[in-house]
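What follows is a short report on a single structure.
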Amino acid sequence: MKIAIIGSGYVGLVTGACFAELGNQVICADNDQGKIETLKKGSLPLYEPGLAELIARNLKNKRLQFSSNIKDAVRPSEIIFITVGTPALDNGEADLTGIENVARAIAVNMDGYRLIIEKSTVPVETGDWVRQIIATYIKDKTKFDVASNPEFLREGSAISDFMNPDRIVIGVESKRARDLLTELYKPFKVPLVVTNIKSAELIKHASNAFLAAKISFINAVSRICDTVGADVEEVAKGMGLDKRIGLSFLKAGIGYGGSCFPKDLDAFVNISEKLGYNFNLLKSVRRVNEEQLSFMLKKIKDSLRIIKDKTIGVLGLAFKSNTDDIRNSQAIGLIRMLESEGARIKAYDPQAMNKARDVLSRITFCADAYSAARSSDCLLIATEWDEFKELDFTRVKKLLKRPLIIDGRNLYEPERMGKLGFTYISVGRKSVS
Ligand code: NAD
């Protein structure tokens, strides 16, 4: 099938490359000319495991193309995915400027039937609005359909998530749209949830809000664990083995971040309010998440006593492991808090340092975890990269001014760290020294 992808970021590139890999003819467009030039040269403007190889292979076999002109993508394609960003405005509302601009550009460039699909995460009823924009700007009475096909991939495992989803959700309002999307997703042997557009839009917001709620729930439980000396990892395991609850997203730590959960939660609260419902439950989820950073700061303060002029080695800047994405990273939020308390920061991240340089001007970027530990007053674990799990702790201990590790991701066994001679402070578990 002939597919256009408008918006070549994390979701657009993965979607485009995967559909090309499945034998479709795909053109990815973006209004960021620099990004398109980089892609045309065979480089990637972002880090996602396996994506560079997938793009290179499909560029070579000519199933994948890039363009900075939306027209180039719209003209030959019957199916058009909108995958532009939908960031949060200051009031929490989703900023749909990109969606509007793209919808208008599609309308003026269509020369025959098109199926226009929202893949970006958008508030409920955006589909109606997209339809209105296209109907307003379309040149003649060309037929079109709007559909919703929310994306559930996670950065860091995006290709495998896209290719092996738990389910595919399609919101459609015509047989033609339904048939096209069913055909496109035929190679995927997973449940297809076919519903209307509003329900599909809500499935995405409700899913992300629910996952964020799970994280805040276990973080709230971790606070009680800390107080009474229980172990949140054991509590989470005991809860999660109940199939009704499940183990995933029951990981206590410094809280959720990234380009999706915080803004999608805000947008869901905002649209609910507009529709006359005060979503207090989600406001609490957000508050617990925000408090988690102050709670970590207090742990650091309690162990260092004075933060001013102390050097803190920070491992991890990305909002999660296996990505270079630093949008709404809790690690960066925590660094900012420490900086405002007068700490000196030495940080290392396997992939996110280039992007972090743009937003953190005062910190020292290190070549590896050991350089971050060297002469630091403590080591703070802020992102759960695998390579941090396998450090040579004898070396780390020698490099640190004092053997203090504050672990915001519960990466290590407290007993082991105690035996290695560290003072080890984590989340919702007994500290050891
Ligand atoms: P991104 O910022 O990485 O990419 C968006 C791209 O759209 C950028 O390259 C930008 O230049 C381009 N763009 C913006 N306005 C444009 C316009 N008018 N014309 C052409 N291109 C334009 O964002 P992302 O992380 O890929 O997310 C895209 C959408 O998918 C968001 O709504 C997000 O919530 C949703 N989503 C993201 C993820 C994720 O893990 N990143 C997962 C599921 C859903």
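The values are calculated or read from the model by the stated rules, or taken from the named source; none is laboratory data. All of these numbers come straight from a predicted model, not from anything done at the bench. Note that each Cβ is placed from the backbone with ideal geometry, even for glycine, and that neighbours are counted across all protein chains shown. Only protein heavy atoms, including side chains, enter the accessible area calculation; ligands, DNA and RNA are left aside. Shrake-Rupley method; radii C 1.70, N 1.55, O 1.52, S 1.80 Å.
Among what's in segment 247-257 and is open to solvent by 20 Å² or more (accessible area, probe 1.4 Å) and touching a Leu at 6+ places or on another chain (Cβ under 8 Å), pick the residue that is farthest from the ligand (Cβ to nearest atom).
Taking segment 247-257 as the starting set, the residues that turn out to be open to solvent by 20 Å² or more (accessible area, probe 1.4 Å) are 247-249, 251.
Checking which are touching a Leu at 6+ places or on another chain (Cβ under 8 Å) leaves us with 247, 249.
Details: Leu247: 21, Phe249: 15 Å.
Residue satisfying both the conditions and the ranking: Leu247.
Quick one: would you say Pro123 is within 10 Å of the ligand (Cβ to nearest atom) and either part of a loop (DSSP other than H, G, I, E, B) or in contact with a strand residue (DSSP E or B) (Cβ under 9 Å, 6 or more places away or on another chain) (or both)? Walk me through how you get there before you give the answer.
Numbers: within 10 Å of the ligand (Cβ to nearest atom): no; either part of a loop (DSSP other than H, G, I, E, B) or in contact with a strand residue (DSSP E or B) (Cβ under 9 Å, 6 or more places away or on another chain) (or both): yes.
Criteria not met by Pro123.
Could you tell me whether segment 162-176 includes any residue that is of a type in the set (D, E, K, R), within 16 Å of the ligand (Cβ to nearest atom) and in the same structural domain as Val11 (by TED's automatic domain parsing)?
First pass over segment 162-176, keeping only residues of a type in the set (D, E, K, R): 166-167, 173, 175-176.
Adding the requirement that they be within 16 Å of the ligand (Cβ to nearest atom) leaves 166-167.
Right, trim to in the same structural domain as Val11 (by TED's automatic domain parsing) and you get 166-167.
The answer is yes; a qualifying residue exists.
Out of all the residues in segment 250-292, which are at pLDDT 95 or above and among the hydroxyl-bearing types (Ser, Thr, Tyr)?
Tyr256, Ser272, Tyr277, Ser284
Open to solvent by 20 Å² or more (accessible area, probe 1.4 Å) and free of Cβ contacts under 8 Å to residues at least 24 places away in the same chain: is that true of Ser361 in this structure? Full working, then the answer.
Details: open to solvent by 20 Å² or more (accessible area, probe 1.4 Å): yes; free of Cβ contacts under 8 Å to residues at least 24 places away in the same chain: yes.
The answer is yes for Ser361.
What's the number of the only condition in (1) open to solvent by 40 Å² or more (accessible area, probe 1.4 Å); (2) within 9 Å of the ligand (Cβ to nearest atom) that Ala29 fails to meet?
Ala29 satisfies all of (1) open to solvent by 40 Å² or more (accessible area, probe 1.4 Å); (2) within 9 Å of the ligand (Cβ to nearest atom) except (1).
What single numbered condition from (1) open to solvent by less than 40 Å² (accessible area, probe 1.4 Å); (2) in contact with a helix residue (DSSP H, G or I) (Cβ under 6 Å, 6 or more places away or on another chain); (3) not in a loop (DSSP other than H, G, I, E, B) fails to hold for Ile36?
Looking at each condition in turn, Ile36 falls short on (2).
Tell me, which residue of segment 225-235 that is in a helix (DSSP H, G or I) and touching a residue at least 40 places away in the same chain (Cβ under 8 Å) is surrounded by the most Cβ atoms within 10 Å (Cβ to Cβ)? Steps first, please.
Initially, segment 225-235 is screened for residues in a helix (DSSP H, G or I), giving 225-228, 232-235.
Pick out the ones that are also touching a residue at least 40 places away in the same chain (Cβ under 8 Å) and you get 225-226, 232-233, 235.
Details: Cys225: 21, Asp226: 20, Val232: 24, Glu233: 21, Val235: 19.
Across segment 225-235, the extreme among qualifying residues is Val232.
I need a count of the residues in segment 380-433 that are of a type in the set (A, V, I, L, M, F, W, C), closer than 20 Å to Lys299 by Cα and either in a loop (DSSP other than H, G, I, E, B) or open to solvent by 70 Å² or more (accessible area, probe 1.4 Å) (or both).
Selection size over segment 380-433: 5.
Do you know which residues across segment 258-276 are among the small types (Gly, Ala, Ser) and within 12 Å of the ligand (Cβ to nearest atom)?
As a first pass, look at segment 258-276 and keep what is among the small types (Gly, Ala, Ser): 258-259, 267, 272, 276.
Hits for segment 258-276 are Gly258, Ser259, Ala267.
Mind telling me which of the residues Leu304, Leu297, Leu338, Leu293 ends up being touching a Lys or Arg at 6+ places or on another chain (Cβ under 7 Å) and away from the ligand (no atom under 16 Å from the Cβ)? Show your work before the answer.
Values: Leu297 fails: touching a Lys or Arg at 6+ places or on another chain (Cβ under 7 Å); Leu338 fails: touching a Lys or Arg at 6+ places or on another chain (Cβ under 7 Å); Leu293 fails: touching a Lys or Arg at 6+ places or on another chain (Cβ under 7 Å).
After applying the criteria, what remains is Leu304.
This table checks each residue for (1) buried (at least 20 other Cβ atoms within 10 Å of the Cβ); (2) free of Cβ contacts under 8 Å to residues at least 60 places away in the same chain.
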{"position": "Trp129", "(1), (2)": "no, yes"}
{"position": "Ile134", "(1), (2)": "yes, yes"}
{"position": "Ala158", "(1), (2)": "yes, no"}
{"position": "Pro187", "(1), (2)": "no, no"}
{"position": "Leu192", "(1), (2)": "no, yes"}
{"position": "Asn196", "(1), (2)": "no, yes"}
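Where residues in segment 76-105 are more than 8 Å from the ligand (Cβ to nearest atom) and without any contact (Cβ under 8 Å) to a residue 60 or more places away in the chain, which of them is surrounded by the fewest Cβ atoms within 10 Å (Cβ to Cβ)?
Asp90
So, of the residues in segment 364-379 that are assigned to a strand (DSSP E or B) and either farther than 25 Å from Lys298 by Cβ or of a type outside the set (A, V, I, L, M) (or both), which turns out to be nearest to the chain's Cα centre (by Cα)? Break it down stepwise before answering.
Initially, segment 364-379 is screened for residues assigned to a strand (DSSP E or B), giving 364-365, 378-379.
After this cut, where a residue has to be either farther than 25 Å from Lys298 by Cβ or of a type outside the set (A, V, I, L, M) (or both) as well, the list is 364-365, 378.
Numbers: Thr364: 25, Phe365: 23, Cys378: 28 Å.
Step by step, filter segment 364-379, then rank; the result is Phe365.
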